[in-house]
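What follows is a short report on a single structure.
Just so you know, all these numbers are worked out from the coordinates, no wet-lab data involved. None of these values were measured; they are calculated from a predicted model. Note that each Cβ is placed from the backbone with ideal geometry, even for glycine, and that neighbours are counted across all protein chains shown.
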Amino acid sequence: MIRAKGKRVLFLMLAGLLILALAGCGAKPADQKTEDQKPQGQVQRLSIGTGGTGGTYYPYGGAMAGIINKYVPGVEATAEVTGASVENARLLDSNEAQLGLLMNDVVYKAFKGENPFEKAIELRTLFVMYPNVFHAVTLKDSSVKTMADLKGKKVSVGSPGSGTETMSKQVLEALGITYDQFQVQRLSFSENTEALKNKVIEVGLWSVGPPTSSIMDLATTHQIRILSFSKDELARVSEKFPYYTPTQIPAGTYKGVDQDVDVPSVWNSVMVHKNMSEDLAYKIVKAIFEHKDDLVQVYAGAKETTPENALKHSVTPLHPGAVKYFKEKGLTVPDKLLPPEMK
């Protein structure tokens, strides 16, 4: 019995060794693992700070994420709903977001450490997107017909931490209108629409690329008016805040708005922290410009997203990865846009 038991043990040992040997023959070397077998850490995840779902930042950021995911290997990007420009700058500073969509007035203030920022944030520009246009929207039967008529009314100046509120405050300041002269509401774009529909507010302010879905939604069910600025009002805004420039919302952009509307505008930029690697920034910029049609399909205003506009409208130094791409395209990068780390 003992001898038989020993044979069984020997047989089991030999069988085990054979199984291990066969497994070893079929195993792949570590460097030949399939993508599904690769450690999770090899995928670099990027968060893109956008804005609310009723504006243009969110779809634009979603299109960016799609391009990055498709054309930048080893990177997974996600567009996140945020409070927009001011919050996005803070998310970049804390590394809770790696790319952020910001209005250039907010970019300037964040870079300089001016109110509402407590300190300077070391931002770098990847590229500019399109101009944001100031919309002061009311219903057609409202008594509000000019910017001066805002006094004493219920007005939404934009959601807290948004570029809309920053622009609203500065534009109104240039016109001599202060928050204590009207009833302040701080609503998102989609909330503006509902509040105007229900006459909870009399005027909603937007800083956004036209046409934007939330105002289009309002115009499908209600007759609207977008307040036009006089030449003097536009001049006062640009004189006080040079990063705001006059523009027009063309007639027909929104249903029922049949005349051109004169308003201030400000460019938007895709920003990163200076700590992003040059290689990653370069690959992102290259992918975006080589597949810009994907952006334009989502938002027609993305046709303004060009290398030339980046060199013309950036208000902070470019990221070295962006500089590398623009120089490869044969463009001259102005000295003022070269970051300190490249000098």
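Which ordering of Ser314, Ser230 is given by a fewest-first count of other beta-carbon atoms within 10 Å? Don't skip to the end; give the middle numbers.
Details: Ser314 24, Ser230 13.
Listing Ser314, Ser230 from fewest to most nearby Cβ atoms yields Ser230, Ser314.
Which residues' amide hydrogens lie under 5 Å from the amide hydrogen of Ala77, considering only partners 5 or more residues apart or on another chain, with H built in the peptide plane?
Leu46, Asn69
With a sphere of radius 11 Å drawn around the Cβ of Glu96, what net charge do the other residues whose Cβ falls strictly inside it have (Lys, Arg +1; Asp, Glu -1)?
-2
Would you tally the net charge around Ala281, using a Cβ to Cβ cut-off of less than 11 Å, leaving Ala281 out, and scoring K and R as +1, D and E as -1?
Residues near Ala281 contribute +3 overall.
What net charge do the residues around Tyr60 carry, taking every other residue with its C-beta under 15 Å from that of Tyr60, with Lys and Arg at +1 and Asp and Glu at -1?
-2
If I take every Cα pair under 8 Å that is 6 or more residues apart in region 132-266, average their sequence separation and divide by the length, what percent do I get for the relative contact order?
Answer for region 132-266 is 33 percent.
Work out, step by step, the length gained on full extension between Thr245 and Asn115: first 0.36 nm times the residue separation, then minus their alpha carbon distance; give nm to one decimal. Provide the component values of the computation, followed by the final result.
Values: separation 130, 0.36 × 130 = 46.80 nm, distance 2.13 nm.
Separation in residues times 0.36 nm, less the Cα-Cα distance, equals 44.7 nm.
Could you give the length gained by full extension between Asp279 and Asp258, i.e. 0.36 nm per residue of separation minus their alpha carbon distance, to one decimal place?
Taking 0.36 nm per residue and subtracting the Cα distance, the gain is 2.8 nm.
Compute the angle between helix 57-71 and the longest alpha-carbon principal axis of the chain, please, reported from 0 to 90 degrees and rounded to the nearest 10.
Approximately 30 degrees, to the nearest ten.
Between the alpha-carbon centers of region 255-302 and region 97-174, tell me the distance in whole angstrom.
Taking the Cα centre of region 97-174 as reference, the centre of region 255-302 is 17 Å away.
What number, in percent, do you get for the relative contact order of the chain if the mean sequence gap of Cα pairs under 8 Å and at least 6 apart is divided by its residue count?
Reported relative contact order: 21 percent.
Under 17 Å from a point 7 Å along the Cα-to-Cβ line of Gln183: which residues of region 136-170 have their amide N that close?
Hits in region 136-170 for Gln183 at 17 Å: 138-139, 142-144, 149-158.
In what sequence do Ser238, Ser85, Ser47 fall when counting other Cβ within 10 Å, fewest first?
Listing Ser238, Ser85, Ser47 from fewest to most nearby Cβ atoms yields Ser238, Ser47, Ser85.
In degrees between 0 and 90, to the nearest 10, how far off the longest principal axis of the chain does helix 231-240 point, with axes built from Cα atoms?
50 degrees
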